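Engineer: Attaching a single structure in structure tokens format; questions to follow.
Derivation of every value follows stated rules applied to the coordinates shown; laboratory data play no part. Only a predicted model underlies this, so the values are computations on that prediction, with no experimental measurement involved. As a convention, Cβ positions derive from the backbone with ideal geometry for all residues, glycine included, and neighbour counts pool all protein chains shown.
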Amino acid sequence: MKKTLFSSSLLLLLLTAVGCYSTGHSDPRVTFIDRGLSTHINITDISTSVNSGSLLEAQVVGYNKSSKYRRFQYKVDWFDETNRLVKSTHDHWRDVSADQKSEFHINAIGPNPDARSFKLKIRK
Amino acid sequence: MNNTHPQKRPIFKGLAAIALLVGLSGCQTTTSNIDMNNDQRGAVMGLDYRDFGGAASAMVDDLLASGALDKPGGGRYVLAISRVINDTMQKIDTDQLIKQMRVALLRSGKVVVTTAVGANGPEDRLAMDARELRNSAEFNQQTVAAKGQMIAPEYSLSGKILQKNVRDSKSKQSAIYSFQLSLTDINTGLAFWEGEEILGKSGSNKSVAW
């Protein structure tokens, strides 16, 4: 009986731990195009600020929880205060890499002062 | 038995012609438009538009984030494009890099680029040539550009694109490209921003990197 209770508790603890681990930080501003990637990459923090030139700067912090160095791509779309896409000449996919079991950072700056919000897409 | 041959011959010829036609059409490469927003074709040893786009984006972001273009009290700086040296083995029009940066910087609201002054003479000679109309009786002189209206540049953008090839093994080589740019305050001659983007490519020795 004791053994069963111990096993059940251990299983529950394990499931809880795995659940917390894989959920991570979810933010509507970040979309994983490849779902498989989101099992390895967590977004842990997003911060924004307006710099001295009135441009919105964003920093996205993520964590590569796999035991493999990973290289993937991201793209940032910028939106004005009415949620219209702000045209940018450099809105293509960019490379980013993350060491195994390590944090990584994505820094982005709005193309002009009209950019008030952003959406980040991540793919393999 | 021999009578059957003349009848079979036309059928055989027809089948051979169809087979040849199908074979030839199979070899034909069809033309298609490239999705410029998601071009996932393989990399090439030389520099292609994706490399210039990536380097230009990274440098514009770095320049905007540096604060060098934040004019005290607001407004825009006037920027002149100086020499951008192509020190690679490829025939490159450096505008592939600079034009993208110019467009992005103009849209940022931080900079306006002069086409009347440049390291190799004005990009647009007409701004100066149009001033010769001052002596023409054929033109309404009120519509001719007045003296003292042109705005002198405050900053200049100069740079270099470098290439270094390394033979890794009998069958492999690598090419390292470096995009280097400097933003100089024309008044003081001091560079207030400098950026470098490095790009590495690895491929077969048979690939041509020039």
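Engineer: Where in segment A:18-124 are there GluC sites (Glu not before Pro) that are in a DSSP coil and have at most 15 other Cβ atoms within 10 angstrom of their Cβ?
Structural biologist: Answer in residue order: A:Glu81.
Engineer: Can you figure out the FRET efficiency of B:Arg131 with B:Leu106, using R₀ = 25 Å and their beta-carbon distance, to the nearest 0.05?
Structural biologist: For R0 = 25 Å, the calculated efficiency reads 0.55.
Engineer: Simple spin-label model, 7 Å along Cα-to-Cβ: B:Glu138 to A:Val50 in nm?
Structural biologist: A separation of 5.3 nm, rounded to one decimal place.
Engineer: Computed FRET efficiency, Cβ-Cβ of A:Lys121 and B:Ser174, R0 30 Å: what is it to the nearest 0.05?
Structural biologist: Once rounded, the FRET efficiency stands at 0.50.
Engineer: Hey, another quick one. Specify the residue with the greatest mean-square fluctuation among B:Leu133, B:Leu199, B:Leu47, computed from a Gaussian network of chain B linking alpha-carbon atoms under 10 Å apart.
Structural biologist: B:Leu133
Engineer: Packing-wise, with mean Cβ within 10 Å as the measure, how do B:12-20, B:105-113 rank, highest first?
Structural biologist: The peptides rank, most packed first, as B:105-113, B:12-20.
Engineer: With +1 on the Cβ of every Lys and Arg and -1 on the Cβ of every Asp and Glu, and nothing else charged, how large is the dipole of segment A:27-123 about its Cα centre, in debye rounded to the nearest 20?
Structural biologist: With only Lys, Arg, Asp and Glu charged at Cβ, the dipole is about 460 debye.
Engineer: Using the alpha-carbon centroid of each, what span in Å lies between segment B:120-138 and segment A:87-124?
Structural biologist: 44
Engineer: If you don't mind, another one. Considering the options B:Leu199, A:Asn107, B:Gly75, tell which one lies farthest towards the positive end of the dipole of the protein assembly as shown, charges being +1 on Lys and Arg and -1 on Asp and Glu at the Cβ, about the Cα centre.
Structural biologist: Of the listed residues, the answer is B:Leu199.
Engineer: Roughly what would the spin-label model give for B:Gln40 and B:Arg76, points 7 Å off Cα along C-beta, in nm?
Structural biologist: 3.8
Engineer: Here's a follow-up. How large is the dipole of the protein assembly as shown about the Cα centre if only Lys and Arg carry +1 and Asp and Glu carry -1, each at its Cβ, rounded to the nearest 20 debye?
Structural biologist: That gives the protein assembly as shown a dipole magnitude of about 1840 debye.
Engineer: Put +1 on the Cβ of each Lys and Arg and -1 on the Cβ of each Asp and Glu in segment A:27-123; which of A:Asn51, A:Thr82, A:Ser97 then has its Cα farthest toward the positive end of the dipole?
Structural biologist: After comparing all options, I get A:Ser97.
Engineer: Between A:Ser97 and B:Tyr49, what is the label-to-label distance in nm when each label sits 7 Å out along the Cα-to-Cβ direction?
Structural biologist: 2.7
Engineer: Please list, in order along segment A:36-47, the HN-Hα scalar couplings obtained from phi with the Karplus expression 6.51 cos²θ - 1.76 cosθ + 1.60 (θ = phi - 60°), rounded to whole Hz, x for Gly and Pro.
Structural biologist: Listing the rounded values in order: x, 5, 5, 7, 9, 10, 10, 9, 9, 7, 10, 10 Hz.
Engineer: Take the Cα pairs of chain B, get the Kirkwood Rh, then feed it into Stokes-Einstein at 20 °C and 1.002 mPa s and tell me D in µm²/s.
Structural biologist: For these conditions, the coefficient is 97 µm²/s.
Engineer: Return the whole-Å distance between the Cα centroid of segment B:156-188 and the Cα centroid of segment B:23-99.
Structural biologist: Taking the Cα centre of segment B:23-99 as reference, the centre of segment B:156-188 is 14 Å away.
Engineer: Which value, in debye to the nearest 20, describes the size of the charge dipole of segment B:89-210 about its Cα centre when Lys and Arg Cβ atoms bear +1, Asp and Glu Cβ atoms bear -1, and nothing else is charged?
Structural biologist: Rounded to the nearest 20 debye, it is 660 debye.
Engineer: Among the GluC sites (Glu not before Pro) within segment B:120-210, which fall in a DSSP loop and have no more than 11 other Cβ atoms within 10 Å of their own Cβ?
Structural biologist: B:Glu138
Engineer: Just to be sure I understand: if I project the alpha-carbon convex hull of segment A:27-123 onto a plane and average over all orientations, what area do I get in nm²?
Structural biologist: Computing the convex hull of the Cα atoms and averaging its projections yields 6.0 nm².
Engineer: Rounded to the nearest 0.05, what FRET efficiency do B:Glu123 and B:Phe192 give with R0 = 22 Å and r taken as the Cβ-Cβ distance? Could you check?
Structural biologist: According to the calculation, E is roughly 0.45.
Engineer: Something else now. Taking the Cα atoms of the protein assembly as shown, what is the range of coordinates along each of the three principal axes, in descending order and whole Å?
Structural biologist: Computed over the protein assembly as shown, the largest-to-smallest principal extents equal 96, 94, 49 Å.
Engineer: Could you work out the relative contact order of chain B? I mean the mean sequence separation of Cα pairs under 8 Å and 6+ apart, divided by the number of residues, in percent.
Structural biologist: Result for chain B is 21 percent.
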